[in-house]
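Trainee: There's a structure below that I have some questions on.
Bear in mind these aren't lab numbers, they're just calculated from the coordinates by the rules spelled out. Since this is a predicted model, take the numbers as computed values, not measurements. Glycine also receives a Cβ, built like all others from the backbone with ideal geometry; neighbour counts cover every protein chain displayed.
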């Protein structure tokens, strides 16, 4: 008896799973059973799932509202599908028009026109106060926030490392979005700076005074002059006072 009950429970579970699949979105196609009345919200839900799966954005960054302005539809037969298509670019934003075909037995029953209003969330940095041109940005100067936009925003800085320690090349107002072209990386060493040349080979460590002969950022390879030998050699910028030579 227990065995029969178990078989019946499994069969019931599988039946419920199949019923659910008939109304779920499956790779851009929503499958419905016969005689179901498709209201605008049913079509919009299917369209939203399609757009969410199709657009080439991180899903957690998207805000999507799909609108269908046609009449409700009576599904003509079992396994009727709503097959949506979005030709062209997949990294879209703003107003996105797309078409869905209601199909039965592979034949198009009705063409539906929908549109989606798509917004994308961007991580951006803004100054907490007005900052003057030439100011070197510090952590206390800025805040990270999110901005939802229906336009593709370019030159956005989303990594704090690309702002902190950089110099402003224009004035910034409080709350203004900081873009890549507004800041300038400051060389860690400049042409003419006196530095310490360090050379390592195994446990051997040799140092010598030197002068940098070109501007360089951290980890850049720059020309330095050994003040003892007067030779120009290449080294890696470690910090503002040190260049390391590998040999």
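Trainee: In degrees from 0 to 90, rounded to the nearest 10, what is the angle of the helix 2-21 Cα long axis to the longest principal axis of the chain?
Mentor: Helix 2-21 sits at roughly 70 degrees to that axis.
Trainee: Cut-off is 10 Å between beta-carbons; in what order do 172, 196 appear when sorted fewest neighbours first?
Mentor: Ascending Cβ contact count within 10 Å gives the list 196, 172.
Trainee: Whole percent per 10 Å bin, from 0 to the bin with the longest distance: what is P(r) over all C-alpha pairs of the stretch 194-246?
Mentor: That works out to 29, 59, 12, in percent per bin.
Trainee: Over the Cα atoms of the chain, Rg to Rh with Kirkwood Rh, two decimal places?
Mentor: Expressed as Rg/Rh, it is 1.29.
Trainee: For the residues 61, 230, what sequence is obtained by ranking on other C-beta atoms within 10 Å, fewest first?
Mentor: Fewest-to-most ranking of 61, 230: 230, 61.
Trainee: To continue, here is another question. Over the chain, what relative contact order in percent results from Cα pairs under 8 Å that are six or more residues apart?
Mentor: Averaging sequence separation for qualifying contacts and normalising by length gives 11 percent for the chain.
Trainee: Which of 63, 225 has the fewest other C-beta atoms within 10 Å, and how do the rest follow up to the most?
Mentor: Exposure proxy ranking, most exposed first: 63, 225.
Trainee: I'd like the orientation of helix 40-54 relative to the chain: the angle between its Cα long axis and the longest Cα principal axis, in ° from 0 to 90, rounded to 10.
Mentor: Approximately 40 degrees, to the nearest ten.
Trainee: Apply the Debye scattering formula to the stretch 26-91, with a single equal point scatterer on each alpha-carbon and no solvent, then give log10 I(q)/I(0) at q = 0.11 Å⁻¹.
Mentor: Cα-only, vacuum Debye calculation for the stretch 26-91: -0.29.
Trainee: Using just the helices of the chain, give the 222 nm mean residue ellipticity in deg cm²/dmol: DSSP H runs with n ≥ 4 each add -39,500 (n - 2.57), and the total is spread over all residues, rounded to 500.
Mentor: Here the helix-only value at 222 nm equals -5000 deg cm²/dmol.
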